[in-house]
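Everything below concerns the one structure shown next.
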Amino acid sequence: MRVIAGSARSLKLKTLDGMDTRPTTDRIKETLFNIINPSIYGSIFLDLFSGSGGIGIEALSRGAKEAVFVENNPKAMACVKDNLKFTRLDQRAVTLTTDVMDALYRLEGDKAFDIIFMDPPYDRGFERRVLEYLSGSELAYEDTLIIVEASKDADFSYAEELGFDVIREKVYKTNKHVFIERAGKEEIC
């Protein structure tokens with residue numbers, strides 16, 4: 001796994017051995033960032049279920065102002081911190097080694113995020129719990145883009161009842177990225 005573009009371009013990142021995390025492949029990461037690149041520069045980025053930190057580090061490398069990494073596995077968080085130090089992006093990063101829901105409660109009132117990315121364990125309902133929380137939270141404002149990496153057949157039909165619109169899905173071989181924003185956002189023509 002490497003950084004695709006930006007200030008840390010081509011630097012190889014550490015990943016955890018074993019199946020505890022599922023790093024997003026370079027090809028999928030490149031596709032994701034090609035889609036969201038116009039929104040990255042100067043953004044405040046939240047990387048939930050960060051694993052080895054590849055997505056948040058990519059955002060920082062491409063000019064995000066700040067990234068917050070949330071991961072409850074201490075070994076994975078050690079990997080995130082090593083990767084941040086190696087890429088020299090650690091000064092613009094905050095790391096929280098805790099449960100995602102606990103982190104959301106702790107971050108509340110501190111800042112609002114421009115982009116919230118989450119890559120939870122597949123098919124266990126974590127993304128729904130996070131979206132339920134964000135539906136009434138100040139962490140996500142009207143223009144916040146929420147991106148969920150999920151299994152290919154994950155159902156997001158409940159998003160509307162939580163006050164969100166699914167604005168795009170990018171489907172890959174075994175998984176997909178779901179792009180979500182608050183419902184009722186006025187589109188500029």
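Check every one of the strands (runs of 3 or more DSSP E) wholly within region 16-113 and list those with 1 or more residues that are within 23 Å of LYS152 (Cα to Cα). Steps first, answer last, please.
On the way: elements: 44-48, 66-70, 93-96.
It comes to 44-48.
Could you tell me whether ALA5 is at pLDDT below 90, open to solvent by less than 40 Å² (accessible area, probe 1.4 Å) and in a loop (DSSP other than H, G, I, E, B)? Give the steps one after another, and end with the answer.
Working: at pLDDT below 90: yes; open to solvent by less than 40 Å² (accessible area, probe 1.4 Å): yes; in a loop (DSSP other than H, G, I, E, B): yes.
Yes; evaluated as a whole, the condition is true for this residue.
Conditions (1) open to solvent by less than 40 Å² (accessible area, probe 1.4 Å); (2) in contact (Cβ under 8 Å) with a residue 40 or more places away in the chain; (3) among the polar types (S, T, N, Q), marked per residue:
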residue: TYR105; (1), (2), (3): no, no, no
residue: MET118; (1), (2), (3): yes, yes, no
residue: TYR122; (1), (2), (3): no, yes, no
residue: LEU131; (1), (2), (3): yes, yes, no
residue: ALA150; (1), (2), (3): yes, no, no
residue: THR174; (1), (2), (3): no, no, yes
Checklist entry - On the given criteria, is TYR141 at pLDDT 95 or above and within 17 Å of the chain's Cα centre (by Cα)? => result no
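Can you pull out every residue in region 24-36 that is farther than 17 Å from LYS173 by Cβ, of a type outside the set (Val, Ile, Thr) and surrounded by 14 or more Cβ atoms within 10 Å (Cβ to Cβ)? Let's see the steps before the verdict.
The first filter runs over region 24-36 and keeps only residues farther than 17 Å from LYS173 by Cβ, leaving 33-36.
Subsequent filtering for residues that are of a type outside the set (Val, Ile, Thr) retains 33-34.
If the condition is that a residue be farther than 17 Å from LYS173 by Cβ, of a type outside the set (Val, Ile, Thr) and surrounded by 14 or more Cβ atoms within 10 Å (Cβ to Cβ), then PHE33 is the only one that fits.
Have a look at GLU71, GLU66 and point out the one that is modelled with pLDDT of 90 or more and in contact with a Lys or Arg (Cβ under 6 Å, 6 or more places away or on another chain). Can you show your working first?
On the way: GLU71 fails: in contact with a Lys or Arg (Cβ under 6 Å, 6 or more places away or on another chain).
Result: GLU66 is the single residue among GLU71, GLU66 that is modelled with pLDDT of 90 or more and in contact with a Lys or Arg (Cβ under 6 Å, 6 or more places away or on another chain).
Here is a check on your reading of the model: is ASP114 more than 23 Å from ARG27 (Cα to Cα), of a type in the set (D, E, K, R) and surrounded by 20 or more Cβ atoms within 10 Å (Cβ to Cβ)? If you could, list the steps in order and put the result at the bottom.
Details: more than 23 Å from ARG27 (Cα to Cα): yes; of a type in the set (D, E, K, R): yes; surrounded by 20 or more Cβ atoms within 10 Å (Cβ to Cβ): yes.
Considered against the rule, which asks whether it is more than 23 Å from ARG27 (Cα to Cα), of a type in the set (D, E, K, R) and surrounded by 20 or more Cβ atoms within 10 Å (Cβ to Cβ), ASP114 comes out as yes.
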Checklist entry - In region 139-176, what residues are within 21 Å of TYR122 (Cα to Cα), assigned to a strand (DSSP E or B) and either small (Gly, Ala, Ser) or in contact with a Ser or Thr (Cβ under 8 Å, 6 or more places away or on another chain) (or both)? => result LEU145, GLU149, ALA150, SER151, PHE164, LYS170, ASN175, LYS176
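Any idea which of PHE86, PHE49 is open to solvent by 20 Å² or more (accessible area, probe 1.4 Å), in contact (Cβ under 8 Å) with a residue 60 or more places away in the chain, under 19 Å from SER7 (Cβ atoms) and not acidic (Asp, Glu)?
Details: PHE49 fails: under 19 Å from SER7 (Cβ atoms).
The unique qualifying residue is PHE86.
The values are calculated or read from the model by the stated rules, or taken from the named source; none is laboratory data. Only a predicted model underlies this, so the values are computations on that prediction, with no experimental measurement involved. Here Cβ is always computed from backbone atoms with ideal geometry, including for glycine, and neighbour counts include all displayed protein chains. Protein only, heavy atoms only, side chains kept; ligands, DNA and RNA dropped before computing areas. Shrake-Rupley method; radii C 1.70, N 1.55, O 1.52, S 1.80 Å.
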